[in-house]
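J.: I'd like to ask some things about the structure below.
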Amino acid sequence: MADEDNKKKLQIKYDADQETGVYSNAVSVHMKKNEMIMDFGYIIPNVNPATIKVVSRVNVSHETAESFLKILSNAILDRKNKEKNESTDTTSE
């Protein structure tokens with residue numbers, strides 16, 4: 001009960017032009033002394049040489065990067081477990 005009282009609610013706000021997000025099928029990560037830089041890009045099809053257009057760059061502290069890694073890992077694990085449970089539900093019928 002005390003844990004529930006201590007949890008803070010966050011409201012996420014973003015500009016209208018960010019509402020739909022951007023598509024990325026490539027990412028590059030660069031580590032610096034005090035930060036991590038992630039370049040999200042889109043591989044342009046049928047272009048020689050292969051070209052990636054960067055659509056977003058995100059700079060984060062190492063602490064934020066570690067937190068992001070944990071959150072992303074948990075989200076992927078949850079998705080895999082859900083898919084596994086859905087496939088066993090359909091095969092048992």
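Each value in this text was obtained by applying a stated rule to the coordinates, not by laboratory testing. These figures come from a predicted structure and were not determined experimentally. All Cβ positions, even for glycine, are placed from backbone atoms using ideal geometry, and neighbour counts span all protein chains on display.
J.: So, in nm, how far is label Arg79 from label Ser56 when the simple model puts each one 7 Å beyond its Cα toward the Cβ?
T.: 1.4
J.: Could you list, in their original order, any pairs among Lys33/Lys84; Lys13/Lys84; Lys9/Lys53; Lys8/Lys53; Lys13/Lys53 whose Cα atoms are separated by more than 32 Å?
T.: Values: Lys33/Lys84 40 Å; Lys13/Lys84 34 Å; Lys9/Lys53 36 Å; Lys8/Lys53 38 Å; Lys13/Lys53 26 Å.
Among Lys33/Lys84; Lys13/Lys84; Lys9/Lys53; Lys8/Lys53; Lys13/Lys53, the Cα-Cα distance tops 32 Å for Lys33/Lys84; Lys13/Lys84; Lys9/Lys53; Lys8/Lys53.
J.: Name the most mobile residue of Asn74, Asn48, Asn59, meaning the one with the largest mean-square fluctuation, in a Gaussian network model of the chain with Cα contacts below 10 Å.
T.: Most flexible of the set in this elastic network: Asn48.
J.: Now for a separate question. How far apart, in nm, are two points set 7 Å out from the Cα along the Cα-to-Cβ line at Ser87 and at Asn46?
T.: 3.4
J.: Taking the Cβ of Phe40 as the center, what net charge do the other residues with Cβ under 12 Å away carry, scoring Lys and Arg +1 and Asp and Glu -1?
T.: On the way: positive: Lys53, Arg57; negative: Asp39.
Once positives and negatives cancel, what remains is +1.
J.: Which longest uninterrupted range of the chain lacks any chymotrypsin sites (Phe, Trp or Tyr not before Pro) assigned by DSSP to a loop state (not H, G, I, E or B) and surrounded by at most 14 other Cβ atoms within 10 Å? If you can, show how the numbers build up before the last one.
T.: Details: sites that count: Tyr14, Tyr23.
Answer from the scan: 24-93.
J.: At a threshold of 8 angstrom on Cα-Cα distance, excluding pairs fewer than six apart, so keeping six or more, what relative contact order does the chain reach in percent?
T.: Numbers: 77 pairs, mean separation 16.5, N = 93.
Here the relative contact order equals 18 percent.
J.: Could you tell me what a quarter of the Cα convex hull surface of the chain works out to, in nm² with one decimal place?
T.: 11.8
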